[in-house]
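Only one structure is covered here, and it is reproduced in the block below.
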Amino acid sequence: MRIDQPWQRFVSWLHLHFVDHGIIRLAYNNFYQVLPGVFRSSQPSPSQIKRYQQEQGIKTIINLRGHNDDMSFWLFEKEACDQLGITFIDHRLLSRDLPSKEAIRATKALLESVEYPILFHCKSGADRAGLMATLCRIFIENTPVETAIEELDWYYGHFKFAKTGMIDFFFDAYLCYQRDTENPLPFLQWVDEVYDYEALSKQFHSNWWGNFITDKLLHRE
């Protein structure tokens, strides 16, 4: 897709609103404050980006859907950020997989280097945004994991009984380790030294009806 010509912009606008479900997000953008200067949402429209900058002083937007300059959402968001002087960063996270050690380390490094206030988002603001919000609270606020995982809640549209529950499964693995170990390691050290991605992946099982809701009814990424 392109937005260089008027007809291209129109086609991309239709795609953004009716294929990528932007029409729904215009009414409800799942926008919440995580910490002072840290906000989460679903995919924002250009007008929403402008409003968040005016109201919250947003200086950095982190796109958790990843770089995709063939998609309408990326093109319009990148254009809006460039016009408004907002730093736009692609930082892809996954909603149906356990986070890798590399992804967690990269997320911590990113949060330590960006200019605040920040807004991060995925498509619906439920799963990847929930993962990012949880890591934000752990790394920025030093919030205990058992409290930080409140960012992964049905209130934001997150469902742990579907494949998206792999995110919860990851944090639950640390909480189980913490509970069953006499002198447990801090979260990040556990990730580096104990966390076994392959072994934990084999232990997770989702419910078919949960997957039906998230994949077929809600069309989550």
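Just so you know, in region 124-168 the residues that are touching a Ser or Thr at 6+ places or on another chain (Cβ under 8 Å) and farther than 24 Å from His205 by Cα include one that is surrounded by the most Cβ atoms within 10 Å (Cβ to Cβ), and it is Arg137. Considering only region 52-96, state which residues are closer than 22 Å to Leu14 by Cα and of a type in the set (S, T, N, Q). Those that are closer than 22 Å to Leu14 by Cα and of a type in the set (S, T, N, Q): Asn63, Asn68, Ser72, Gln83. State yes or no: is Lys123 of a type outside the set (A, V, I, L, M, F, W, C) and at pLDDT below 95? So Lys123 does not fit the description; no. In this structure, Leu75 does satisfy being at negative phi and more than 17 Å from the chain's Cα centre (by Cα). Taking every residue in region 152-181 that is farther than 15 Å from Leu131 by Cβ and aromatic (Phe, Trp, Tyr) and pairing it with any residue that is modelled with pLDDT under 95 and not in a helix (DSSP H, G or I), at least 6 positions away or on another chain, the pairs with Cβ-Cβ distances below 6 Å are Phe161/Asn207.
Conditions tested, residue by residue: (1) free of Cβ contacts under 8 Å to residues at least 60 places away in the same chain; (2) more than 20 Å from Lys160 (Cα to Cα).
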| site | (1), (2) |
| --- | --- |
| Thr60 | yes, yes |
| Leu75 | no, yes |
| Thr87 | yes, yes |
| Ala126 | no, no |
| Glu141 | no, yes |
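Only a single item in (1) in a helix (DSSP H, G or I); (2) touching a strand residue (DSSP E or B) at 6+ places or on another chain (Cβ under 6 Å) is not met by Gly125, and it is number (1). Condition first: small (Gly, Ala, Ser) and farther than 17 Å from Asn29 by Cα. Can you find one or more residues in region 113-121 that meet it? Checked against the condition, which is being small (Gly, Ala, Ser) and farther than 17 Å from Asn29 by Cα, region 113-121 yields at least one hit. Of the helices (runs of 4 or more DSSP H) lying entirely inside region 138-221, those carrying at least 3 residues that are over 27 Å from Ser41 (Cβ atoms) are 166-180, 187-193, 197-203.
The values are calculated or read from the model by the stated rules, or taken from the named source; none is laboratory data. Quick caveat, the model's predicted, so the values are computed rather than measured. Glycine also receives a Cβ, built like all others from the backbone with ideal geometry; neighbour counts cover every protein chain displayed.
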